[in-house]
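Only the coordinates and a few stated rules stand behind these numbers; no lab work does. These numbers were taken from a predicted model, which means no experiment stands behind them. Note: ideal-geometry Cβ built from the backbone for every residue, glycine included; neighbour counts use all protein chains shown.
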Amino acid sequence: PQPAPAERFEATIARNDRIEPRDWMPDAYRRTLVRQIAQHAHSEIIGMQPEGNWITRAPSLRRKAILLAKVQDEAGHGLYLYSACETLGVSRAELTDMLLTGRQKYSSIFNYPTLSYADVGTIGWLVDGAAICNQVPLCRTSYGPYGRAMIRICKEESFHQRQGYELLMTMMRGTGEQRRMVQESVDRFWWPSLMMFGPPDANSPNSERSMAWGIKRNGNDELRQRFVDMTVPQAEALGVTLPDPDLRWNEERQAHDFGEPDWSELSAVIKGEGPCNAQRLAHRRRAHDDGAWVREAATAFARKQARGDEE
Ligand code: FAQ
């Protein structure tokens, strides 16, 4: 006899196989995926703002072309992720509305300002670096459309990370003032980058359930550790100091010990109290309102085409 849908679901998860849109899934699994994928999509879209801030002021045509391409890639990532989310039965318009009304979150990191051009490099190096650490395991997530979107996104993120590192390396080979700009930028972005991985496992209400379902493949602390271990030698090669007096190699653990991020800062930023939360959402709302005529025109055109009476 055919196994019941719930048993089929559990068996698929146990085999580490993929759940596809037409498969039966528990409501809570669907809700968790919508929450995580939407948050991820919103992060890509809001994440265009901090770097977009420097497009008109990039120091050369080459740097401007690179930055434009990176920010466009982020729009693309947002769109693949919204599409993956739509396969779960929620529309793009609903997701946008949940972002604009603050009912869904986006990553804390994008609520920090970009005060100098070096921040473009630091975001590529540290923020894309953290995103890669978090997202490579998500290529094996249990929900098919999310995992497949992640494969392409990770390839592009790796490229973004390299461009950030190359930018910082160029500045570190420049003048004393340029080196100071890089260090000052790294000092501001280091701790917020560690917070991108979420609260400590002991304080992460979703991790256990999400890992049992194969949505997340690793805990927040494990990925944070992986990021620190990956980044320390890169910082040495660059010649910058990471602003953590407790950071040191632990021979026994074969990993770096590091200090505790300020978790009260993370929860404040998540609650909307970060330095740029209000500005980011206001900008997004304005862009959405300004784009209303495009949506209306596209809908009118599609309707006309469907009737087959276009000129
Ligand atoms: N910011 O129980 P957990 C990028 C929330 S990369 C804001 O541990 P979970 C690329 C969490 O939603 C950034 N909120 O939650 C780029 C939950 O609240 P809820 C995007 C956070 O889901 C680079 C509550 O706290 N990447 O955009 C944060 O198991 C450069 C409790 O937390 C992703 O979204 C935070 N940092 O684990 C673009 C990756 N941390 O929803 C432009 C996919 C936690 O219950 C430029 N997401 N929260 O009300 C994930 O892997 C997970 O969702 C975690 C959180 C690890 C972020």
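Just check the chain against the gyration tensor rule for me: Cα atoms, a ≥ b ≥ c as the square roots of the eigenvalues, rounded for a/c under 1.5, and otherwise prolate or oblate depending on whether a/b exceeds b/c. Because a/c hits 1.5 or more and a/b fails to exceed b/c, the chain counts as oblate. For Lys105, the lysines whose Cα comes closer than 20 Å to its Cα, not counting residues fewer than 8 places off in the same chain, are Lys216, Lys271. Think of it as helices only: each DSSP H run of n ≥ 4 in the chain is worth -39500 (n - 2.57), and spread over all residues that comes to -20000 deg cm²/dmol at 222 nm. Residue-wise HN-Hα couplings along the stretch 232-240, as the Karplus relation 6.51 cos²θ - 1.76 cosθ + 1.60 with θ = phi - 60° gives them from phi, are 4, x, 5, 5, 4, 4, 6, x, 10 Hz; Gly and Pro carry x. Neighbour counts of other Cβ atoms within 10 Å put His160, His256 in the fewest-to-most order His256, His160. Of all aspartates and glutamates in the structure, those lying under 14 Å Cα to Cα from Lys155, and not within fewer than 8 positions of it along the same chain, are Asp73, Glu74, Asp128.
Contact order for the stretch 1-136, expressed relative to its length and based on alpha carbon pairs under 8 Å spaced 6+ residues apart, stands at 28 percent. Here the calculated FRET efficiency for Ser204 and Thr170, from their Cβ-Cβ distance with R0 = 41 Å, stands at 0.60, rounded to the nearest 0.05. Placing unit charges on the Cβ atoms of the charged side chains and taking the dipole of the stretch 118-191 about its Cα centre, the candidate lying farthest along the positive direction among Gly129, Met172, Tyr146 is Tyr146.
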